[in-house]
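Quick notes on the structure that follows.
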Amino acid sequence: MTAAALVIITAFSLTPALAAPFIVAHRGGTGDTPENTLQAFSTALENGADALWMTVQVTKDGVPVLYRPADLGSLTDGQGHLDNITLNDLRKFNAGYSFSRKDASGQLSYPYRADPLRIPTLREALDAVPPSVPIMLDMKQTPAAPLVEAVARVLDSAHAWSRVRLYSTDANAIELMKAHPEAQVFETRDATRNRLVDLSLGGTCDNPPPAGSWIGIELHRQVEVVEHFTLGTGVSKVDARWWTPAAVKCFKTNGNVKIVAFGVDSADAYATAAALGIDAVMTDSPRAMRTEKKPQ
């Protein structure tokens, strides 16, 4: 673990000792180790990650577990939707079944088929990860209410609210979680995207986020722009590079706003984020990214 990760947490924080963006391991580092496994989290920390991004869903019997796709066949040797499977049955599946890597000759191998990994519960992950490591928890299931309540129960029982910040692309999940006074949440993706679009189109900083907000969105991504005309509709694909110096300055207008840029998987992207003053970057490979973070 890097020295910067050793933070005393009274509330979820990312206050690096180094003048460089924190490295957040996306699902534990999907490019290095089977995602959302305890092995992934420990490997990510060994590879210099400062924080861990985890994806949570709830089983048929109401247990929050760390898994991303709805279909178990996407990553494991099992079948079916996770919310139709009990925890006991889920234990039979290998979370590393589909993980592959290439050797120096380009030969593809599946190293975890002979060395299976299990899908962990959220509580198991909280117990396994050092308390000093910030966790960003992505609520990835609809309907949102059962998941939100199951996650809240675990965070209560583990006394873990202070070390976890909650995210979801589903605005309803964020709003439901706000009913819990201890919950620390990201701004909804819709609100962040709308602020960036308004800033990009209008060019003025009319609607910065409130002080203390946490923002999570891609450094840049492909988006579709839809124009409606009298005689039809036009659709254009645009590479949205919406984080500019002006955008970062606008978002930080009210003070203490943290920006986490998703999809940072190259030295150039990391350098761009650092130059912009982005607080943290989410990467698929902390192993590849660890050489990029240097003292300033």
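The values are calculated or read from the model by the stated rules, or taken from the named source; none is laboratory data. Given the structure is predicted, the values throughout are model-derived calculations rather than measurements. For neighbour counting, all protein chains shown are included, and Cβ atoms are generated from backbone atoms with ideal geometry for every residue, glycine included.
May I ask you to say which residue of Thr188, Thr169, Thr204 is of a type in the set (Val, Ile, Thr) and modelled with pLDDT under 95?
Step by step, each of Thr188, Thr169, Thr204 is checked, and only Thr204 is of a type in the set (Val, Ile, Thr) and modelled with pLDDT under 95.
What number of residues in segment 124-151 are closer than 18 Å to Leu87 by Cβ and without any contact (Cβ under 8 Å) to a residue 40 or more places away in the chain?
3
How about segment 157-168: which of its residues are touching a residue at least 12 places away in the same chain (Cβ under 8 Å) and exposed (fewer than 14 other Cβ atoms within 10 Å of the Cβ)?
Passing the criteria: only Ser157.
Run down Ser132, Ser162 and say which single residue is of a type in the set (S, T, N, Q), under 23 Å from Val65 (Cβ atoms) and at pLDDT 95 or above.
Unique residue meeting the criteria: Ser162.
Name the residue, out of Ala49, Ala70, that is modelled with pLDDT under 95 and either under 15 Å from the mean Cα position of the chain (by Cα) or farther than 25 Å from Ser266 by Cα (or both).
Ala70
Among the residues of segment 35-45, which ones are in contact with a Lys or Arg (Cβ under 9 Å, 6 or more places away or on another chain) and on the phi < 0 side of the Ramachandran plot?
Listed by number, the residues that qualify are Glu35, Thr37, Leu38, Ala40, Thr43, Ala44.
Among the residues of segment 75-88, is any buried (at least 16 other Cβ atoms within 10 Å of the Cβ), under 18 Å from the mean Cα position of the chain (by Cα), touching a residue at least 24 places away in the same chain (Cβ under 8 Å) and assigned to a helix (DSSP H, G or I)?
There is no residue in segment 75-88 that is buried (at least 16 other Cβ atoms within 10 Å of the Cβ), under 18 Å from the mean Cα position of the chain (by Cα), touching a residue at least 24 places away in the same chain (Cβ under 8 Å) and assigned to a helix (DSSP H, G or I).
Return the only residue of Ser132, Ser98, Ser105 being in a loop (DSSP other than H, G, I, E, B) and within 19 Å of the chain's Cα centre (by Cα).
Going through Ser132, Ser98, Ser105 in turn, just one is in a loop (DSSP other than H, G, I, E, B) and within 19 Å of the chain's Cα centre (by Cα): Ser132.
Give me a count of the residues in segment 30-57 that are β-branched (Val, Ile, Thr) and within 11 Å of Phe99 (Cβ to Cβ).
3
Thr233 - would you say it is at pLDDT below 95 and among the hydroxyl-bearing types (Ser, Thr, Tyr)?
So Thr233 passes the test.
When only residues in segment 21-54 that are among the small types (Gly, Ala, Ser) and assigned to a loop (DSSP other than H, G, I, E, B) count, which is farthest from Thr169 (Cα to Cα)?
Selected residue: Gly48.
Which ones in segment 21-70 are of a type in the set (D, E, K, R) and crowded, with 23+ Cβ neighbours inside 10 Å?
Arg27, Asp32, Glu35, Asp50 - these are the residues of segment 21-70 that are of a type in the set (D, E, K, R) and crowded, with 23+ Cβ neighbours inside 10 Å.
Using the structure shown, decide if Val148 is out of contact with any Lys or Arg (no Cβ under 8 Å at 6 or more places or on another chain), assigned to a strand (DSSP E or B) and either at pLDDT 95 or above or farther than 27 Å from Ile174 by Cα (or both).
When the stated conditions are applied, Val148 does not pass them.
Please state which one of Lys102, Lys140 is among the charged types (D, E, K, R) and buried (at least 21 other Cβ atoms within 10 Å of the Cβ).
Lys140
Could you tell me whether segment 158-165 includes any residue that is more than 23 Å from Ala51 (Cβ to Cβ), more than 18 Å from the chain's Cα centre (by Cα) and of a type outside the set (D, E, K, R)?
There is no residue in segment 158-165 that is more than 23 Å from Ala51 (Cβ to Cβ), more than 18 Å from the chain's Cα centre (by Cα) and of a type outside the set (D, E, K, R).
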